Amino acid sequence: MPELPDVEHFRQVFRLHAAGKAVAGLEADPTILRNVQAGALARALIGQRFEDPGRHGKWLVCRTGGPTLLLHFGMTGDLIWSEDEPERHRHDRLILAFVEGGELRYRNMRKLGGVWLAHDDVELAAVLGSLGPDALAIGRRDFLERLSRRRGALKAALMDQSFVAGIGNILADEILWQARLHPRRAIQSLTPGELAVLHRVVHRVLRQASEGYDYVERRRSWLSHVRGHPGAACPRCRSPLSRTVTAGRTTYFCPVCQAGGFDALP
DNA sequence: TCGCTTGTTGATGG
DNA sequence: GCCATCAACAAGCG
C-alpha cells in the first residue's frame with residue numbers, strides 16, 4: 001500500500017477523525033515501537049490534543065502541543081477509524097482512544113515501518129532529518145538542481161528517500177512509464193527537455209494518485225493498473241512489458257515506449 | 001519449501 | 001565518497 005498518496009489518504013483520515021481530539025487511552029504492540037517504550041508513549045500522549053497532521057514523504061507527522069507521534073507504514077501499514085470498521089484486527093499494533101469517543105487504529109501486518117515519538121524538534125530531526133524534500137511539494141528548480149548532483153540510474157534516484165521523499169517502487173515505475181524514460185537511464189544523459197518532462201510527471205502522478213483512494217484501481221490507463229499481472233501489456237502501445245531488477249527492486253517498463261536505449265546503463 | 005511482496009537500513013565491493 | 005547489490009527485518013500467499 002503505502003507510498004506518498006496512500007499516506008496522504010491516512011493524513012485525511014487522521015485530520016477528519018483525530019485532529020482536535022484528546023487522547024484518553026493507548027494500547028501498543030511493543031514490537032512496533034521504535035524509539036520509545038509503551039509506558040512512556042502512553043504517558044507522553046494521554047491527555048494531549050492532536051493538531052492537524054502533517055506528512056513528509058511516506059511519514060505521517062502527528063503533532064500535539066507537546067510531543068509528536070510519527071507513523072511509518074512500511075509495506076503493509078494502514079490507518080483505520082473505528083466507525084468505519086467496528087471490529088479490531090489482529091494486526092492493529094497501535095490503538096489511540098479519544099476522550100470524545102472512537103479509536104484510531106494503526107494496522108501493520110509485516111512490521112516494517114513502525115511508531116516513533118519525538119519530544120521536541122531536535123528529536124524530530126533525528127527521525128526525519130535524512131529525508132529529502134517532499135516529492136509533491138518540491139519545486140522544479142530544486143528538483144533539477146538535486147538531480148544534477150547525482151549519477152547512476154534514474155530509478156534508483158527517484159526511490160531514494162534522501163533525494164526526494166515519497167516515491168516507492170510502484171510509483172517510480174509509473175512515473176518513468178508516463179515520462180517515457182528507461183528505468184536504468186543514466187541521470188547525466190538526460191536532456192533539458194526530458195528533465196522538464198520528468199519533473200512535470202512526478203508532480204502530476206503524485207497529485208492525481210492523491211486525489212482519491214486506491215489509484216491502482218481508479219486510474220485504469222496507468223501502468224500501475226496492469227503492473228505485475230501475468231502477460232500484462234503496455235496500456236499505451238500494447239507491447240508486452242519487460243520485467244527486470246533495478247535498484248534491488250522488481251521493475252516493469254515498456255521496452256518500446258521507454259526504449260531510451262542510448263546511454264542506458266547496463 | 002520456495003519465491004515473491006507497494007520499505008528501509010547496514011554491510012560489502014567496485 | 002558515490003553507487004549498486006544483497007541480506008535482514010516480518011508475515012502472508014500461492
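FYI, it's all coordinate maths here, none of it is from the lab. As the structure is a prediction and not an experimental result, all values here were calculated from the model. Every residue, glycine among them, receives a Cβ derived from its backbone with ideal geometry; neighbour counts consider all protein chains shown.
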Excluding residues fewer than 8 positions from A:Lys155 in its own chain, the lysines with Cα under 23 Å of it are A:Lys58
Per residue, the convex hull enclosing the alpha carbons of segment A:140-261 has a volume in Å³ of 100
Put in order of increasing Cβ neighbours within 10 Å, starting from the fewest, A:Glu103, A:Glu123 give A:Glu123, A:Glu103
For segment A:90-205, the Debye formula with one identical point scatterer on each Cα and no solvent gives log10 I(q)/I(0) at q = 0.10, 0.15, 0.19 Å⁻¹ as -0.43, -0.78, -1.00
Whole-Hz Karplus couplings 3J(HN,Hα) for segment A:94-109, θ = phi - 60° and coefficients 6.51, -1.76, 1.60, Gly and Pro as x, run 9, 10, 10, 9, 10, 4, 6, x, x, 9, 9, 10, 8, 10, 7, 5
The Kirkwood hydrodynamic radius of chain A, taken as the inverse of the mean 1/r over all distinct Cα pairs, in Å, comes to 19.7
Quick calc of log₁₀ I(q)/I(0), segment A:48-96, Debye, one scatterer on every Cα, no solvent, q values 0.23, 0.26 1/Å, result -1.01, -1.13
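Taking segment A:8-103, how much of its Cα-Cα pair set, in percent, is spaced more than 15 angstrom apart?
60
Rounded to two decimals, what is Rg over Rh for segment A:67-154 when you use alpha-carbon atoms and the Kirkwood radius?
1.11
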Given unit charges at Cβ for Lys, Arg (+) and Asp, Glu (-), the dipole magnitude of chain A about its Cα centre in debye, nearest 20, is 1120
PRE zone check, label point 7 Å out along Cα-to-Cβ of A:His229, amide N under 20 Å, scope segment A:195-212, hits A:209
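Ignoring everything except DSSP H segments at least 4 long, calculate the 222 nm mean residue ellipticity for chain A; use -39,500 (n - 2.57) per segment, divide by total residues, nearest 500.
-8500 deg cm²/dmol
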The rounded separation in angstrom of the Cα centers of segment A:1-38 and segment A:155-212 is 28
